[in-house]
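Structure record follows, encoded as structure tokens.
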Amino acid sequence: MSEVYRLTCIVCPLSCSIEVEIEAGKIKDIKGYTCPRGKEWAIEEIRAPKRVVMSVIPVEGGKLPTVSVKTEKPIPKDKIPELMKMLAKLKLKAPVKVGQVVGEFEGVKIIATREA
Amino acid sequence: MLESYDVVVIGGGPAGMGAAIKAKELGLKVLLLDDNDFLGGILPQCIHPGFGLHYFKEELTGPEFAYRLINKLDGVEVKTSARVIEIQNYSDLEKFVTYVSPEGVKKVATKTIIYAAGARERHAFEIGIVGDRVAGIYTAGEAQALMDLYGILPGRDIVIVGSGDVGLIMARRFALEGCNVKAVIELMPYPGGLARNLMILKDFNIPLYLSHKVVEVRGRKRVEKVKVVKVDENLREIPGSEFWIEADTLIISAGLIPNVKLLQEIGVRIDPATGGPVVNDRLETSVPGIFVAGNSLLINDLVDYVVEQGETAAEGAKEFIENGGIKSTRWIKLVKGENVRLVAPHYLSGERDVWIYARVQRPIEDVTLEFPEIGKKLRLPVVKPSEMLRIKLRGEEIRKAKEKITMQVVKNE
């Protein structure tokens, strides 16, 4: 019995429709991707989906009361709630620079994307 | 004596900054005005990744994209907290811009204006929602600003009206922050946003109701429940299909409308299809020397295109100043054919290559995009109203046409 997963690639805004056919836990066929990154993403999306996660963290003494942050690279989807709980505990003090590392979650850096 | 400039750019979002940076590079004296107290337009509150793949060749968040542009503004005179209240077109090379800022009311003279004031969001009353006027009703952009600039959660149990990109991205933000996103309600039979953003609903198991609309809000002090009804193919409500969803917050994400009020006051011609001005291939409006870019021109999907339009407008301003106008021996009209809902620019000179931005009326698979008068054809796997088409027409291609070029999207046999 094979199973077909229909995915919309989120690597770039082209949004290719990719079909992945799985048989006995193995990838039998992949169709619809237009670049190697898309193919790689589709395989990962079936095996271990990952996402870049963003949020805001309170900051004291900045122009705005928050700075925005993102994970430096995608993290496993099932870890997202845990990451959000960790981020909820963070507090920063101005000045904060764009690109500054403000925390770490299981080896993945948390990076400020706005100035404060 | 009034201070005078080559170009005054109105709006400090990506279109305005793109225009100001380019104009400065071209050696023009630029003043950039923005009514907010920080630059970037809506970008600083768009904290999700997905920006800049075309323009910076890497994936950035909104604030990062804004920051990169802000860093390129050296040499541009910038005023924030400066709201433009009037544009006067005295003559082709003499225009006045009046703005209010903490310094008071000020008037400056300029040869050209690039108008990049963005868009506004449609609100609950515009889409026919009736009922109690209670707390807990926000546009998506308002909710985004509350959460992602000011760190305030607008509510807990959320219903979102509209499945465009903004609505979907807010659904993700709410879900990430632990809210219960009960439903996304979409009037049309197909989703409004980019396909990649629909993955968000899958990620968080958020139900999407296509061909449905929110018609009523009930609550005492705050939203308590919203009434949803199914619609038929003519978007008419189907009697007896109503149901209520309990929620404390209703988010309206029902599309954007170009913000063109100041332009209308001086008689700039508006295209009812785009909601923005009618423009030529330098993005010049029907008033000579006034250019437009970004979401004031037409609603864009990608910030990259918005910056590109700003740059085109800046090149136009330079040409206008050097030649005393954007001159062409003839203007070829770009007209909408089969399944094209909107297209800009509207007039092409054939003297330069032009990016054409367009949207289709309805989604179709396996189509050809054609310009019959010049024999140009492009085969596309799928077209959707939510995904803007952007095509380059080369000057020599345009020159093949006599008076008009039709753009049409036809299903392949």
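The values are calculated or read from the model by the stated rules, or taken from the named source; none is laboratory data. Treat the numbers as computed from the prediction; the structure is a model and nothing was measured. All Cβ positions, even for glycine, are placed from backbone atoms using ideal geometry, and neighbour counts span all protein chains on display. We work out accessible area using only protein heavy atoms, side chains counted, and drop any ligands, DNA or RNA first. Shrake-Rupley method; radii C 1.70, N 1.55, O 1.52, S 1.80 Å.
Here is a list of conditions, (1) more than 14 Å from chain A (Cβ to nearest Cβ); (2) closer than 17 Å to B:R120 by Cα, and B:N300 meets all of them except one; can you say which number that is?
The single condition B:N300 does not satisfy is (1).
Quick one: in region B:283-299, of everything that is open to solvent by 20 Å² or more (accessible area, probe 1.4 Å) and outside any helix (DSSP H, G or I), which residue is nearest to B:Y357 (Cα to Cα)?
B:I299
Out of the residues in region B:37-53 meeting the condition of being at pLDDT below 95 and more than 9 Å from chain A (Cβ to nearest Cβ), tell me which one is farthest from B:M170 (Cα to Cα).
The residue in question is B:G52.
Would you mind finding the one in B:L210, B:L176, B:L198 that is among the hydrophobic types (A, V, I, L, M, F, W, C), modelled with pLDDT under 95, touching a Pro at 6+ places or on another chain (Cβ under 7 Å) and under 26 Å from A:C12 (Cβ atoms)?
B:L198
Which one of the conditions (1) buried (at least 20 other Cβ atoms within 10 Å of the Cβ); (2) at pLDDT 95 or above; (3) closer than 30 Å to B:A19 by Cβ does B:E121 fail to meet, given that it meets all the rest?
The one condition B:E121 does not meet is (1).
Considering only region B:358-384, how many residues are away from chain A (no Cβ under 14 Å), surrounded by 14 or more Cβ atoms within 10 Å (Cβ to Cβ) and either in contact (Cβ under 8 Å) with a residue 60 or more places away in the chain or within 17 Å of B:A273 (Cα to Cα) (or both)?
Going through region B:358-384 one residue at a time, the tally reaches 4.
Out of the strands (runs of 3 or more DSSP E) lying entirely within region B:195-258, which hold 3 or more residues that are over 29 Å from the mean Cα position of the chain (by Cα)? If you could, list the steps in order and put the result at the bottom.
Details: elements: B:212-219, B:223-230, B:243-246, B:249-252, B:256-258.
So the answer is B:223-230, B:243-246.
Identify, please: which residue in region B:368-395 is touching an Asp or Glu at 6+ places or on another chain (Cβ under 7 Å) and assigned to a loop (DSSP other than H, G, I, E, B) and is, among those, farthest from B:G167 (Cα to Cα)?
The extreme case among them is B:R394.
Of the conditions (1) modelled with pLDDT under 90; (2) touching a strand residue (DSSP E or B) at 6+ places or on another chain (Cβ under 7 Å), A:T66 fails just one. Which one is it?
Failed condition: (1).
Please work out if A:P95 is open to solvent by 40 Å² or more (accessible area, probe 1.4 Å) and either more than 10 Å from chain B (Cβ to nearest Cβ) or farther than 22 Å from B:A145 by Cα (or both).
Details: open to solvent by 40 Å² or more (accessible area, probe 1.4 Å): yes; either more than 10 Å from chain B (Cβ to nearest Cβ) or farther than 22 Å from B:A145 by Cα (or both): yes.
Criteria met by A:P95.
Do you know which of the residues in region A:1-22 that are buried (at least 19 other Cβ atoms within 10 Å of the Cβ) and more than 18 Å from the chain's Cα centre (by Cα) is nearest to B:Y305 (Cα to Cα)?
Only one residue fits best here, namely A:C16.
Quick one: which of B:T98, B:T139 is among the polar types (S, T, N, Q) and farther than 30 Å from A:E60 by Cα?
After ruling out the rest, the residue left standing is B:T98.
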